[in-house]
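One structure below.
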Protein chains: 2
Amino acid sequence: MGKQITEMLKGTLEGIVLAILSEQPAYGYEITAGLRGMGFADIAEGTVYALLVRIELKGLVDVEKHPSEKGPPRKVYSINAQGQAYLEEFWRTWGFLAGRLEHLRGEGN
Amino acid sequence: MGKQITEMLKGTLEGIVLAILSEQPAYGYEITAGLRGMGFADIAEGTVYALLVRIELKGLVDVEKHPSEKGPPRKVYSINAQGQAYLEEFWRTWGFLAGRLEHLRGEGN
DNA sequence: GCGTCTACTCTGTGATACTATGTACCAGTA
DNA sequence: TACTGGTACATAGTATCACAGAGTAGACGC
């Protein structure tokens with residue numbers, strides 16, 4: 001995929017993670033694994049953790065510590081009302097952009 | 001639209017401009033006006049010029065100077081073979097990302 | 001003990017869009 | 001002449017964000 005996907009993920013990865021969290025709460029390692037499973041093969045772990053810190057600071061998610069059978073305790077993130085609103089805004093923005101691009105692609109065939 | 005679109009444009013704006021150029025050659029001012037016309041209302045002029053310099057340095061476009069009836073001469077950009085290849089790669093990457101996101105949006109309804 | 005998972009954290013770097021400002025050329029107008 | 005506004009290009013500085021890379025720490029099997 002090269003470097004294009006890296007830049008394209010800016011701004012969208014946040015929405016992707018929030019969308020995942022809107023289905024069910026999850027912790028960092030789990031989210032990274034999920035992203036890789038859905039095709040984002042070379043997402044860096046550090047990227048996801050940094051993103052989680054960011055959306056926590058923005059107040060879009062709630063955090064709970066759960067003990068783990070393996071390794072250090074997990075920080076489980078769940079989306080809150082503000083995060084839901086942000087996610088809806090994200091879908092609107094995405095819809096706009098995707099619409100423009102599909103239109104361009106259609107013309108260029 | 002807020003700040004979300006700003007980050008989302010990273011990585012896509014380059015493809016958008018190349019797609020525009022693949023229809024017909026154009027110059028900076030014209031491209032900016034076109035983008036605004038298609039809904040990207042607050043694209044900054046400086047952003048477009050910087051992007052054009054970048055894709056020129058990458059060798060994705062050819063440049064010709066044309067005198068203008070008004071103001072300084074226009075730098076008319078046209079996409080070349082390398083740019084076409086880059087654009088096709090862009091559409092593949094975009095298609096992948098859009099597919100994942102549509103899937104996520106479908107689940108979250 | 002030693003290696004190997006799992007899970008989280010942190011620092012620094014590079015790419016990119018934006019802000020703000022400046023340059024230059026021309027037409028119309030008072 | 002002087003001023004205004006539209007056209008056209010350019011650039012220095014800033015913020016954001018994904019990535020690379022390295023590290024910390026607990027639990028398990030050998």
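Every number in this text was worked out from the coordinates using simple rules, so none of it is lab data. Keep in mind it's a predicted model, so treat the numbers as computed, not measured. When we count neighbours, we look across all protein chains shown, and the Cβ atoms used for this are built from the backbone with ideal geometry, even at glycine.
Remarks
- Region B:39-74, residues that are within 14 Å of DNA strand C (Cβ to nearest atom) and in contact with a helix residue (DSSP H, G or I) (Cβ under 7 Å, 6 or more places away or on another chain): B:39, B:43, B:45, B:48, B:49, B:51, B:52, B:55, B:59, B:60
- Residue within region B:49-64 that is of a type outside the set (Val, Ile, Thr) and in contact with an Asp or Glu (Cβ under 7 Å, 6 or more places away or on another chain) present: yes
- Residues of region B:8-33 satisfying the condition of being surrounded by fewer than 17 Cβ atoms within 10 Å (Cβ to Cβ) and within 14 Å of chain A (Cβ to nearest Cβ): B:10, B:23, B:24
- The residue that is surrounded by the most Cβ atoms within 10 Å (Cβ to Cβ), among those in region A:59-109 that are closer than 15 Å to residue B:9 by Cα and of a type in the set (Lys, Arg), is A:100.
- Each residue in region B:33-49 was checked for being free of Cβ contacts under 8 Å to residues at least 24 places away in the same chain, under 23 Å from residue B:64 (Cα atoms) and more than 8 Å from DNA strand D (Cβ to nearest atom), and 2 of them qualify.
- Wholly within region A:20-109, helices (runs of 4 or more DSSP H) carrying at least 1 residues that are closer than 30 Å to residue B:37 by Cβ: A:81-108
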